[in-house]
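Taking it in order: structure first as C-alpha coordinates, then the write-up.
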(Lines give C-alpha, C1' and ligand atoms only; values in the text may rest on other atoms or scores of the structure.)
Protein backbone atom coordinates (compact mmCIF):
# COMPACT_ATOMS: atom_id res chain seq x y z
CA UNK A 1 0.00 0.00 0.00
CA UNK A 2 1.21 3.48 -0.75
CA UNK A 3 2.48 5.45 2.21
CA UNK A 4 1.00 8.68 0.93
CA UNK A 5 -1.82 8.65 -1.56
CA UNK A 6 -3.29 11.72 -3.20
CA UNK A 7 -6.05 11.74 -5.79
CA UNK A 8 -7.34 14.78 -7.63
CA UNK A 9 -5.79 17.38 -5.33
CA UNK A 10 -6.83 20.94 -6.09
CA UNK A 11 -5.60 24.02 -4.27
CA UNK A 12 -7.21 27.40 -4.90
CA UNK A 13 -6.15 30.72 -3.47
CA UNK A 14 -8.67 33.49 -2.84
CA UNK A 15 -7.23 36.70 -4.28
CA UNK A 16 -8.57 40.22 -4.69
CA UNK A 17 -9.51 39.43 -8.29
CA UNK A 18 -11.15 36.09 -7.55
CA UNK A 19 -10.08 32.54 -6.98
CA UNK A 20 -6.81 31.36 -8.50
CA UNK A 21 -6.09 27.67 -9.05
CA UNK A 22 -2.51 26.80 -8.19
CA UNK A 23 -2.75 23.01 -8.12
CA UNK A 24 -5.20 21.51 -10.57
CA UNK A 25 -6.18 17.89 -10.08
CA UNK A 26 -2.89 16.25 -9.14
CA UNK A 27 -2.64 12.50 -8.49
CA UNK A 28 0.39 11.39 -6.53
CA UNK A 29 1.56 8.50 -4.40
CA UNK A 30 4.72 7.49 -2.57
CA UNK A 31 5.57 3.95 -1.59
CA UNK A 32 7.48 3.12 1.61
CA UNK A 33 11.23 3.57 1.19
CA UNK A 34 10.87 5.26 -2.16
CA UNK A 35 12.46 8.48 -3.43
CA UNK A 36 9.96 10.52 -5.42
CA UNK A 37 11.07 13.70 -7.16
CA UNK A 38 8.54 16.39 -8.01
CA UNK A 39 10.01 18.59 -10.73
CA UNK A 40 8.73 21.87 -12.04
CA UNK A 41 9.57 25.50 -12.58
CA UNK A 42 8.31 28.40 -10.48
CA UNK A 43 4.53 28.50 -10.51
CA UNK A 44 4.15 24.80 -11.21
CA UNK A 45 2.55 24.24 -7.80
CA UNK A 46 5.17 21.72 -6.74
CA UNK A 47 5.68 23.19 -3.27
CA UNK A 48 2.03 24.07 -2.71
CA UNK A 49 0.81 20.49 -3.15
CA UNK A 50 3.24 19.32 -0.45
CA UNK A 51 2.39 22.23 1.85
CA UNK A 52 -1.23 21.11 1.49
CA UNK A 53 -0.23 17.65 2.75
CA UNK A 54 1.55 19.24 5.69
CA UNK A 55 -1.39 21.56 6.39
CA UNK A 56 0.91 24.57 6.23
CA UNK A 57 -1.07 26.67 3.75
CA UNK A 58 -2.58 30.00 4.83
CA UNK A 59 -6.31 30.43 5.39
CA UNK A 60 -6.80 31.95 1.95
CA UNK A 61 -6.14 28.53 0.41
CA UNK A 62 -8.90 26.02 -0.26
CA UNK A 63 -7.71 22.43 -0.43
CA UNK A 64 -9.95 19.77 -1.99
CA UNK A 65 -9.13 16.19 -2.93
CA UNK A 66 -10.94 12.95 -3.67
CA UNK A 67 -8.41 11.26 -1.47
CA UNK A 68 -5.50 12.37 0.69
CA UNK A 69 -4.40 9.55 2.91
CA UNK A 70 -1.27 8.72 4.86
CA UNK A 71 -0.97 5.04 5.82
CA UNK A 72 -4.67 4.69 5.03
CA UNK A 73 -5.58 7.53 7.39
CA UNK A 74 -7.55 10.43 5.94
CA UNK A 75 -5.51 13.64 6.28
CA UNK A 76 -8.37 15.92 5.22
CA UNK A 77 -10.92 14.78 7.78
CA UNK A 78 -8.46 14.30 10.60
CA UNK A 79 -8.86 16.40 13.76
CA UNK A 80 -6.25 19.06 14.45
CA UNK A 81 -4.72 17.17 17.34
CA UNK A 82 -4.51 13.94 15.38
CA UNK A 83 -2.84 15.79 12.56
CA UNK A 84 -0.33 17.34 14.92
CA UNK A 85 0.70 13.87 16.09
CA UNK A 86 1.48 12.95 12.49
CA UNK A 87 3.02 16.13 11.11
CA UNK A 88 6.46 16.81 12.49
CA UNK A 89 6.78 13.24 13.74
CA UNK A 90 5.91 10.71 11.05
CA UNK A 91 6.01 13.26 8.25
CA UNK A 92 8.68 15.94 8.46
CA UNK A 93 9.84 18.61 6.08
CA UNK A 94 12.96 20.65 5.31
CA UNK A 95 13.04 23.85 3.28
CA UNK A 96 15.12 25.75 0.79
CA UNK A 97 16.65 28.43 3.02
CA UNK A 98 18.31 26.60 5.90
CA UNK A 99 19.51 29.79 7.58
CA UNK A 100 16.03 31.33 7.49
CA UNK A 101 14.50 28.10 8.84
CA UNK A 102 16.43 28.36 12.11
CA UNK A 103 15.62 30.86 14.84
CA UNK A 104 18.56 33.29 15.05
CA UNK A 105 18.07 33.94 18.79
CA UNK A 106 18.63 30.38 20.00
CA UNK A 107 21.52 27.95 19.69
CA UNK A 108 21.25 25.05 17.27
CA UNK A 109 21.41 22.68 20.24
CA UNK A 110 18.48 24.38 22.01
CA UNK A 111 16.36 24.17 18.87
CA UNK A 112 16.92 20.48 18.22
CA UNK A 113 16.51 19.63 21.92
CA UNK A 114 13.19 21.48 21.85
CA UNK A 115 12.02 19.20 19.03
CA UNK A 116 13.08 16.14 21.00
CA UNK A 117 11.42 17.28 24.23
CA UNK A 118 8.13 18.34 22.67
CA UNK A 119 7.74 15.63 20.05
CA UNK A 120 9.42 12.68 21.70
CA UNK A 121 8.70 13.55 25.32
CA UNK A 122 12.37 13.35 26.29
CA UNK A 123 13.90 14.89 29.39
CA UNK A 124 16.50 17.62 28.99
CA UNK A 125 19.30 15.16 29.68
CA UNK A 126 18.02 12.56 27.21
CA UNK A 127 17.50 15.25 24.61
CA UNK A 128 21.08 16.50 24.98
CA UNK A 129 22.50 13.01 24.43
CA UNK A 130 20.24 12.32 21.46
CA UNK A 131 20.98 15.73 19.89
CA UNK A 132 24.68 14.93 19.95
CA UNK A 133 23.99 11.56 18.30
CA UNK A 134 21.92 13.21 15.59
CA UNK A 135 24.52 15.92 14.90
CA UNK A 136 27.11 13.16 14.51
CA UNK A 137 24.77 11.17 12.25
CA UNK A 138 24.32 14.08 9.83
CA UNK A 139 28.06 14.72 9.69
CA UNK A 140 28.41 18.04 11.50
CA UNK A 141 32.11 18.55 12.35
CA UNK A 142 32.84 19.12 16.07
CA UNK A 143 29.21 18.33 16.99
CA UNK A 144 29.65 19.19 20.65
CA UNK A 145 30.88 22.69 19.80
CA UNK A 146 28.16 23.20 17.19
CA UNK A 147 25.36 22.41 19.64
CA UNK A 148 26.35 25.66 21.38
CA UNK A 149 26.57 27.68 18.14
CA UNK A 150 24.02 30.19 16.93
CA UNK A 151 22.73 29.92 13.34
CA UNK A 152 24.77 32.92 12.16
CA UNK A 153 27.96 31.16 13.23
CA UNK A 154 27.30 28.30 10.83
CA UNK A 155 27.60 28.03 7.06
CA UNK A 156 24.63 27.29 4.79
CA UNK A 157 25.61 23.64 4.43
CA UNK A 158 25.95 23.21 8.19
CA UNK A 159 22.58 24.87 8.82
CA UNK A 160 20.95 22.49 6.34
CA UNK A 161 22.55 19.59 8.20
CA UNK A 162 21.03 20.93 11.45
CA UNK A 163 17.62 21.11 9.73
CA UNK A 164 18.02 17.54 8.50
CA UNK A 165 19.01 16.43 12.02
CA UNK A 166 15.82 18.03 13.37
CA UNK A 167 13.74 16.43 10.61
CA UNK A 168 15.02 12.90 11.28
CA UNK A 169 14.95 13.31 15.09
CA UNK A 170 11.59 11.53 15.34
CA UNK A 171 12.50 8.67 12.95
CA UNK A 172 9.95 9.84 10.37
CA UNK A 173 8.46 7.49 7.79
CA UNK A 174 8.28 10.27 5.20
CA UNK A 175 10.62 13.23 4.71
CA UNK A 176 9.63 16.02 2.35
CA UNK A 177 12.59 18.11 1.15
CA UNK A 178 11.61 21.32 -0.64
CA UNK A 179 14.57 22.44 -2.80
CA UNK A 180 17.02 21.44 -0.03
CA UNK A 181 20.17 22.33 -1.98
CA UNK A 182 19.13 25.26 -4.16
CA UNK A 183 20.84 27.88 -2.00
CA UNK A 184 24.06 25.87 -1.67
CA UNK A 185 27.31 25.56 -3.64
CA UNK A 186 27.69 22.50 -5.89
CA UNK A 187 30.26 20.71 -3.73
CA UNK A 188 28.05 21.28 -0.65
CA UNK A 189 24.96 20.29 -2.67
CA UNK A 190 26.63 16.97 -3.44
CA UNK A 191 27.37 16.36 0.26
CA UNK A 192 23.80 17.17 1.32
CA UNK A 193 22.23 14.99 -1.40
CA UNK A 194 24.57 12.13 -0.50
CA UNK A 195 23.58 12.56 3.16
CA UNK A 196 19.85 12.56 2.37
CA UNK A 197 20.21 9.43 0.25
CA UNK A 198 22.27 7.69 2.93
CA UNK A 199 19.75 8.53 5.68
CA UNK A 200 16.90 7.49 3.40
CA UNK A 201 18.53 4.07 2.89
CA UNK A 202 19.62 3.64 6.52
CA UNK A 203 16.27 4.62 8.02
CA UNK A 204 14.19 3.15 5.17
CA UNK A 205 12.01 6.24 5.07
CA UNK A 206 10.24 7.55 2.00
CA UNK A 207 11.61 10.79 0.56
CA UNK A 208 9.82 13.38 -1.54
CA UNK A 209 12.28 15.73 -3.17
CA UNK A 210 10.87 18.92 -4.64
CA UNK A 211 13.29 20.47 -7.13
CA UNK A 212 13.64 22.43 -10.35
CA UNK A 213 17.02 20.88 -11.11
CA UNK A 214 17.06 17.98 -13.57
CA UNK A 215 20.60 17.12 -12.43
CA UNK A 216 19.39 16.61 -8.85
CA UNK A 217 16.56 14.41 -10.16
CA UNK A 218 18.99 12.28 -12.16
CA UNK A 219 21.18 11.72 -9.11
CA UNK A 220 18.53 10.90 -6.53
CA UNK A 221 15.06 9.87 -7.68
CA UNK A 222 13.48 6.45 -8.12
CA UNK A 223 10.33 7.89 -9.67
CA UNK A 224 9.58 11.37 -11.02
CA UNK A 225 6.46 13.52 -11.33
CA UNK A 226 6.74 16.50 -13.68
CA UNK A 227 4.42 19.42 -12.97
CA UNK A 228 3.65 22.48 -15.07
CA UNK A 229 1.20 25.25 -14.14
CA UNK A 230 -0.45 23.13 -11.46
CA UNK A 231 -0.97 20.08 -13.67
CA UNK A 232 0.84 16.79 -13.81
CA UNK A 233 2.56 16.49 -17.18
CA UNK A 234 4.21 13.14 -16.72
CA UNK A 235 4.98 10.42 -14.22
CA UNK A 236 7.71 7.87 -14.87
CA UNK A 237 10.59 6.02 -13.29
CA UNK A 238 13.77 8.05 -13.49
CA UNK A 239 15.42 6.11 -16.30
CA UNK A 240 12.39 6.16 -18.63
CA UNK A 241 11.96 9.87 -17.96
CA UNK A 242 15.43 10.72 -19.21
CA UNK A 243 15.53 7.98 -21.88
CA UNK A 244 12.14 8.46 -23.49
CA UNK A 245 10.17 11.37 -22.02
CA UNK A 246 6.52 11.11 -23.01
CA UNK A 247 5.22 14.62 -22.52
CA UNK A 248 6.21 17.51 -24.76
CA UNK A 249 6.98 19.62 -21.70
CA UNK A 250 9.50 17.13 -20.27
CA UNK A 251 11.18 16.86 -23.67
CA UNK A 252 11.37 20.64 -23.81
CA UNK A 253 12.83 20.88 -20.30
CA UNK A 254 15.48 18.28 -21.03
CA UNK A 255 16.58 19.87 -24.29
CA UNK A 256 16.84 23.28 -22.62
CA UNK A 257 19.61 21.92 -20.37
CA UNK A 258 22.82 23.68 -21.45
CA UNK A 259 24.74 20.39 -21.21
CA UNK A 260 22.49 18.91 -23.90
CA UNK A 261 23.15 21.78 -26.30
CA UNK A 262 24.17 20.39 -29.65
CA UNK A 263 24.23 23.44 -31.88
CA UNK A 264 24.89 27.10 -31.40
CA UNK A 265 21.51 27.86 -29.86
CA UNK A 266 19.70 26.39 -26.91
CA UNK A 267 16.17 25.28 -27.70
CA UNK A 268 13.87 27.13 -25.30
CA UNK A 269 10.98 25.46 -23.57
CA UNK A 270 8.30 27.68 -25.05
CA UNK A 271 9.53 27.15 -28.64
CA UNK A 272 9.43 23.37 -28.44
CA UNK A 273 6.36 23.22 -26.26
CA UNK A 274 4.28 25.47 -28.49
CA UNK A 275 5.48 23.75 -31.63
CA UNK A 276 4.60 20.29 -30.34
CA UNK A 277 1.35 21.58 -28.93
CA UNK A 278 0.33 22.92 -32.33
CA UNK A 279 1.05 19.62 -34.08
CA UNK B 1 52.55 48.59 -34.37
CA UNK B 2 50.57 45.61 -33.34
CA UNK B 3 47.28 44.76 -34.95
CA UNK B 4 44.14 46.06 -33.20
CA UNK B 5 43.00 42.46 -32.75
CA UNK B 6 46.06 41.73 -30.60
CA UNK B 7 45.12 44.26 -27.94
CA UNK B 8 43.01 42.66 -25.27
CA UNK B 9 39.75 44.44 -24.47
CA UNK B 10 40.42 43.75 -20.84
CA UNK B 11 43.55 42.58 -19.13
CA UNK B 12 44.36 42.03 -15.46
CA UNK B 13 47.89 41.83 -14.11
CA UNK B 14 48.48 40.40 -10.64
CA UNK B 15 45.21 41.79 -9.29
CA UNK B 16 44.98 41.72 -5.49
CA UNK B 17 42.08 42.77 -3.30
CA UNK B 18 42.26 43.19 0.46
CA UNK B 19 39.24 43.85 2.64
CA UNK B 20 39.45 45.34 6.13
CA UNK B 21 37.24 43.51 8.57
CA UNK B 22 36.30 45.98 11.31
CA UNK B 23 37.37 44.91 14.76
CA UNK B 24 35.31 45.21 17.91
CA UNK B 25 36.09 46.81 21.28
CA UNK B 26 38.51 44.06 22.23
CA UNK B 27 39.83 42.76 18.92
CA UNK B 28 41.79 44.67 16.33
CA UNK B 29 40.70 44.97 12.73
CA UNK B 30 41.65 42.12 10.43
CA UNK B 31 42.76 42.12 6.84
CA UNK B 32 41.31 39.53 4.48
CA UNK B 33 42.94 38.91 1.12
CA UNK B 34 39.98 38.09 -1.13
CA UNK B 35 41.97 38.01 -4.34
CA UNK B 36 45.58 36.81 -4.37
CA UNK B 37 47.14 38.00 -7.62
CA UNK B 38 45.03 37.09 -10.66
CA UNK B 39 46.15 37.47 -14.30
CA UNK B 40 43.94 37.20 -17.37
CA UNK B 41 43.29 38.75 -20.78
CA UNK B 42 40.25 38.61 -23.02
CA UNK B 43 40.27 39.46 -26.73
CA UNK B 44 37.42 41.26 -28.47
CA UNK B 45 34.27 39.22 -29.06
CA UNK B 46 35.34 36.48 -26.65
CA UNK B 47 33.84 35.26 -23.39
CA UNK B 48 35.89 34.55 -20.29
CA UNK B 49 33.97 32.57 -17.68
CA UNK B 50 35.01 32.97 -14.06
CA UNK B 51 33.94 29.91 -12.10
CA UNK B 52 34.00 29.45 -8.37
CA UNK B 53 31.95 28.82 -5.25
CA UNK B 54 30.89 31.31 -2.63
CA UNK B 55 33.92 32.96 -1.07
CA UNK B 56 36.15 32.24 -4.06
CA UNK B 57 36.52 35.95 -4.90
CA UNK B 58 34.69 35.77 -8.22
CA UNK B 59 32.38 38.67 -7.47
CA UNK B 60 35.30 40.68 -6.04
CA UNK B 61 37.08 40.24 -9.36
CA UNK B 62 33.93 41.14 -11.29
CA UNK B 63 33.59 44.38 -9.32
CA UNK B 64 37.21 45.32 -10.09
CA UNK B 65 36.74 44.66 -13.81
CA UNK B 66 33.46 46.62 -13.84
CA UNK B 67 35.32 49.65 -12.36
CA UNK B 68 33.24 49.58 -9.20
CA UNK B 69 36.06 48.86 -6.74
CA UNK B 70 39.77 49.64 -7.21
CA UNK B 71 42.14 46.70 -6.66
CA UNK B 72 44.54 46.94 -3.68
CA UNK B 73 47.44 45.94 -5.92
CA UNK B 74 47.97 45.09 -9.54
CA UNK B 75 46.95 46.67 -12.79
CA UNK B 76 43.77 46.65 -14.85
CA UNK B 77 43.94 47.53 -18.54
CA UNK B 78 40.91 48.34 -20.66
CA UNK B 79 41.64 48.47 -24.40
CA UNK B 80 45.34 48.47 -23.56
CA UNK B 81 45.09 51.55 -21.32
CA UNK B 82 45.83 51.23 -17.61
CA UNK B 83 42.85 52.28 -15.52
CA UNK B 84 43.24 53.23 -11.87
CA UNK B 85 39.92 54.39 -10.47
CA UNK B 86 41.41 55.03 -7.03
CA UNK B 87 43.40 57.96 -8.48
CA UNK B 88 41.34 59.18 -11.43
CA UNK B 89 37.59 58.97 -11.57
CA UNK B 90 36.85 57.27 -14.87
CA UNK B 91 35.25 59.63 -17.38
CA UNK B 92 32.05 59.03 -19.33
CA UNK B 93 34.02 57.46 -22.16
CA UNK B 94 35.54 54.79 -19.93
CA UNK B 95 32.25 54.19 -18.10
CA UNK B 96 30.57 53.65 -21.45
CA UNK B 97 33.06 50.97 -22.40
CA UNK B 98 32.40 48.74 -19.39
CA UNK B 99 28.93 47.85 -18.16
CA UNK B 100 27.61 45.33 -15.67
CA UNK B 101 24.58 43.03 -15.28
CA UNK B 102 23.85 41.73 -11.80
CA UNK B 103 22.51 38.42 -10.55
CA UNK B 104 19.22 39.44 -9.03
CA UNK B 105 16.93 41.19 -11.51
CA UNK B 106 14.50 41.93 -8.65
CA UNK B 107 17.10 43.92 -6.73
CA UNK B 108 18.93 45.68 -9.54
CA UNK B 109 16.00 47.71 -10.86
CA UNK B 110 14.51 50.67 -8.98
CA UNK B 111 10.85 49.77 -8.28
CA UNK B 112 9.77 53.42 -8.66
CA UNK B 113 11.44 53.98 -11.99
CA UNK B 114 9.64 53.30 -15.26
CA UNK B 115 11.46 50.98 -17.66
CA UNK B 116 11.93 53.79 -20.18
CA UNK B 117 13.66 55.93 -17.56
CA UNK B 118 15.80 52.97 -16.49
CA UNK B 119 17.08 52.66 -20.04
CA UNK B 120 17.52 56.39 -20.68
CA UNK B 121 19.35 57.14 -17.43
CA UNK B 122 22.82 56.01 -18.63
CA UNK B 123 22.43 58.34 -21.61
CA UNK B 124 21.40 61.26 -19.41
CA UNK B 125 24.40 60.79 -17.15
CA UNK B 126 27.11 59.94 -19.65
CA UNK B 127 26.13 61.60 -22.94
CA UNK B 128 24.54 64.75 -24.35
CA UNK B 129 21.98 62.86 -26.41
CA UNK B 130 18.82 64.97 -26.99
CA UNK B 131 15.64 63.76 -25.27
CA UNK B 132 13.84 62.65 -28.44
CA UNK B 133 16.78 60.56 -29.55
CA UNK B 134 17.15 59.05 -26.09
CA UNK B 135 13.57 57.84 -26.32
CA UNK B 136 14.05 56.38 -29.78
CA UNK B 137 17.18 54.55 -28.72
CA UNK B 138 15.51 53.15 -25.59
CA UNK B 139 12.55 51.87 -27.61
CA UNK B 140 14.86 50.32 -30.18
CA UNK B 141 16.85 48.62 -27.42
CA UNK B 142 13.67 47.20 -25.86
CA UNK B 143 12.91 45.47 -29.15
CA UNK B 144 16.50 44.30 -29.48
CA UNK B 145 16.26 42.37 -26.20
CA UNK B 146 12.88 40.88 -27.09
CA UNK B 147 10.49 43.28 -25.34
CA UNK B 148 7.90 45.64 -26.84
CA UNK B 149 8.03 49.46 -27.19
CA UNK B 150 4.78 49.64 -25.18
CA UNK B 151 6.71 48.34 -22.16
CA UNK B 152 8.39 51.76 -22.04
CA UNK B 153 6.02 53.24 -19.46
CA UNK B 154 5.68 50.20 -17.20
CA UNK B 155 7.25 49.60 -13.80
CA UNK B 156 9.60 46.70 -12.88
CA UNK B 157 6.97 44.85 -10.77
CA UNK B 158 4.91 44.29 -13.92
CA UNK B 159 7.61 42.06 -15.41
CA UNK B 160 8.69 38.47 -14.79
CA UNK B 161 12.22 37.57 -13.66
CA UNK B 162 13.36 36.75 -17.18
CA UNK B 163 11.93 39.97 -18.59
CA UNK B 164 13.63 41.97 -15.85
CA UNK B 165 16.95 40.40 -16.68
CA UNK B 166 16.35 41.42 -20.33
CA UNK B 167 15.77 44.98 -19.08
CA UNK B 168 19.00 44.90 -17.07
CA UNK B 169 20.86 43.70 -20.17
CA UNK B 170 19.22 46.42 -22.27
CA UNK B 171 20.30 49.07 -19.75
CA UNK B 172 23.88 47.78 -19.87
CA UNK B 173 23.86 48.00 -23.68
CA UNK B 174 22.49 51.56 -23.94
CA UNK B 175 25.98 53.11 -24.01
CA UNK B 176 27.32 50.74 -26.71
CA UNK B 177 29.86 49.14 -24.35
CA UNK B 178 32.75 46.99 -25.49
CA UNK B 179 32.84 44.89 -22.37
CA UNK B 180 29.95 43.43 -20.40
CA UNK B 181 30.55 42.02 -16.91
CA UNK B 182 27.78 39.50 -16.17
CA UNK B 183 27.65 38.40 -12.53
CA UNK B 184 25.58 35.18 -12.38
CA UNK B 185 23.07 36.60 -14.88
CA UNK B 186 20.94 33.45 -15.19
CA UNK B 187 21.22 31.75 -11.82
CA UNK B 188 18.00 33.31 -10.48
CA UNK B 189 16.01 32.20 -13.52
CA UNK B 190 14.00 29.08 -14.37
CA UNK B 191 15.51 26.60 -16.79
CA UNK B 192 13.26 27.60 -19.70
CA UNK B 193 13.89 31.31 -19.18
CA UNK B 194 17.59 30.69 -18.62
CA UNK B 195 17.86 29.22 -22.13
CA UNK B 196 16.17 32.30 -23.61
CA UNK B 197 18.49 34.73 -21.83
CA UNK B 198 21.59 32.71 -22.78
CA UNK B 199 20.46 32.75 -26.42
CA UNK B 200 19.88 36.49 -26.22
CA UNK B 201 23.39 37.04 -24.82
CA UNK B 202 24.88 34.93 -27.62
CA UNK B 203 22.94 36.90 -30.28
CA UNK B 204 23.95 40.26 -28.82
CA UNK B 205 27.59 39.20 -28.66
CA UNK B 206 27.54 38.34 -32.37
CA UNK B 207 25.71 41.50 -33.36
CA UNK B 208 27.80 44.03 -31.41
CA UNK B 209 31.09 42.11 -31.22
CA UNK B 210 30.84 42.30 -27.43
CA UNK B 211 33.37 40.92 -24.97
CA UNK B 212 31.92 39.11 -21.95
CA UNK B 213 33.20 38.40 -18.48
CA UNK B 214 30.72 35.75 -17.34
CA UNK B 215 30.78 34.97 -13.62
CA UNK B 216 29.03 31.72 -12.74
CA UNK B 217 29.00 28.74 -10.43
CA UNK B 218 27.14 26.58 -12.94
CA UNK B 219 29.51 24.49 -15.05
CA UNK B 220 26.89 23.44 -17.58
CA UNK B 221 26.11 27.08 -18.37
CA UNK B 222 29.82 27.90 -18.57
CA UNK B 223 30.44 25.04 -20.96
CA UNK B 224 27.73 26.43 -23.22
CA UNK B 225 28.76 30.09 -23.30
CA UNK B 226 32.51 30.42 -22.58
CA UNK B 227 35.55 30.57 -24.85
CA UNK B 228 38.01 30.59 -21.97
CA UNK B 229 37.55 29.49 -18.38
CA UNK B 230 39.18 30.61 -15.15
CA UNK B 231 38.52 28.58 -11.99
CA UNK B 232 38.88 30.57 -8.78
CA UNK B 233 39.28 29.02 -5.37
CA UNK B 234 39.96 31.05 -2.22
CA UNK B 235 41.13 34.04 -4.25
CA UNK B 236 43.52 32.13 -6.47
CA UNK B 237 43.10 31.21 -10.13
CA UNK B 238 43.77 27.50 -9.76
CA UNK B 239 43.06 26.71 -13.39
CA UNK B 240 42.98 28.77 -16.56
CA UNK B 241 42.58 27.68 -20.16
CA UNK B 242 40.33 27.27 -23.16
CA UNK B 243 36.91 25.77 -22.55
CA UNK B 244 37.86 22.62 -24.46
CA UNK B 245 41.04 22.10 -22.44
CA UNK B 246 39.49 22.74 -19.03
CA UNK B 247 36.44 20.56 -19.62
CA UNK B 248 38.30 17.73 -21.37
CA UNK B 249 41.18 17.47 -18.93
CA UNK B 250 40.92 19.47 -15.71
CA UNK B 251 44.34 19.63 -14.04
CA UNK B 252 43.81 21.05 -10.57
CA UNK B 253 42.25 18.87 -7.83
CA UNK B 254 39.76 21.63 -7.03
CA UNK B 255 38.50 21.76 -10.63
CA UNK B 256 38.23 17.99 -10.62
CA UNK B 257 36.23 18.11 -7.36
CA UNK B 258 33.94 20.73 -8.88
CA UNK B 259 33.28 18.52 -11.91
CA UNK B 260 32.71 15.47 -9.73
CA UNK B 261 30.14 17.34 -7.62
CA UNK B 262 28.15 18.66 -10.60
CA UNK B 263 25.05 16.50 -11.11
CA UNK B 264 24.97 14.78 -14.50
CA UNK B 265 21.91 13.79 -16.49
CA UNK B 266 23.85 11.19 -18.43
CA UNK B 267 21.79 8.05 -19.14
CA UNK B 268 24.57 5.60 -18.31
CA UNK B 269 25.14 7.30 -14.96
CA UNK B 270 21.41 7.08 -14.13
CA UNK B 271 21.32 3.43 -15.20
CA UNK B 272 24.29 2.63 -12.95
CA UNK B 273 22.72 4.43 -9.99
CA UNK B 274 19.34 2.69 -10.42
CA UNK B 275 21.15 -0.63 -10.54
CA UNK B 276 23.15 0.20 -7.38
CA UNK B 277 19.99 1.06 -5.47
CA UNK B 278 18.25 -2.10 -6.63
CA UNK B 279 21.13 -4.22 -5.36
CA UNK B 280 21.26 -2.36 -2.05
CA UNK B 281 17.55 -2.99 -1.59
CA UNK B 282 17.87 -6.67 -2.37
CA UNK B 283 20.68 -6.97 0.17
CA UNK B 284 18.44 -5.41 2.80
CA UNK B 285 15.49 -7.75 2.18
CA UNK B 286 17.66 -10.90 2.18
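Quick notes on this one:
- Top-ranked residue in the stretch B:173-232 [being within 11 Å of chain A (Cβ to nearest Cβ) and farther than 29 Å from residue A:179 by Cα; ranked as nearest to the chain's Cα centre (by Cα)]: B:202
- Some residue of the stretch B:258-268 being within 17 Å of residue A:254 (Cα to Cα), outside any loop (DSSP other than H, G, I, E, B) and either within 9 Å of chain A (Cβ to nearest Cβ) or more than 19 Å from the chain's Cα centre (by Cα) (or both): yes
- Among residues of the stretch A:60-110, those that are under 23 Å from residue A:182 (Cα atoms) and in a helix (DSSP H, G or I), counted: 5
- If you check B:49, B:34, B:14 for being within 29 Å of residue A:186 (Cβ to Cβ), within 14 Å of chain A (Cβ to nearest Cβ) and in a strand (DSSP E or B), only one passes: B:49.
- Checking residue B:263 against (1) within 23 Å of residue B:102 (Cα to Cα); (2) buried (at least 19 other Cβ atoms within 10 Å of the Cβ), the condition it does not meet: (1)
- Candidates B:60, B:47 - the one that is touching a strand residue (DSSP E or B) at 6+ places or on another chain (Cβ under 8 Å), modelled with pLDDT of 95 or more and surrounded by 15 or more Cβ atoms within 10 Å (Cβ to Cβ): B:47
- The condition of being closer than 30 Å to residue B:258 by Cβ, in contact with a strand residue (DSSP E or B) (Cβ under 6 Å, 6 or more places away or on another chain) and in contact (Cβ under 8 Å) with a residue 12 or more places away in the chain does not hold for residue B:30.
- Subset of the stretch B:246-257 that is over 23 Å from residue A:257 (Cβ atoms) and part of a helix (DSSP H, G or I) - its residue that is farthest from the other protein chains (Cβ to nearest Cβ): B:253
- Answer residue from the stretch A:227-240, given it is under 26 Å from residue A:164 (Cβ atoms) and at the interface with chain B (Cβ under 10 Å from one of its Cβ atoms) and is surrounded by the most Cβ atoms within 10 Å (Cβ to Cβ) among those: A:238
- Qualifying residue in the stretch A:204-226 (condition: within 12 Å of another protein chain (Cβ to nearest Cβ), surrounded by fewer than 21 Cβ atoms within 10 Å (Cβ to Cβ), assigned to a strand (DSSP E or B) and within 18 Å of the chain's Cα centre (by Cα)): yes
- Members of the stretch A:253-265 that are closer than 16 Å to residue A:212 by Cβ and within 7 Å of chain B (Cβ to nearest Cβ): A:253, A:256, A:257, A:258, A:259
- For the stretch A:48-59, the criterion of being more than 19 Å from the chain's Cα centre (by Cα) and either modelled with pLDDT of 95 or more or assigned to a loop (DSSP other than H, G, I, E, B) (or both) is met by at least one residue.
The values are calculated or read from the model by the stated rules, or taken from the named source; none is laboratory data. Model, not experiment: these values are computed from the prediction. Cβ sites come from the backbone with ideal geometry, for glycine too, and all protein chains shown count toward neighbours.
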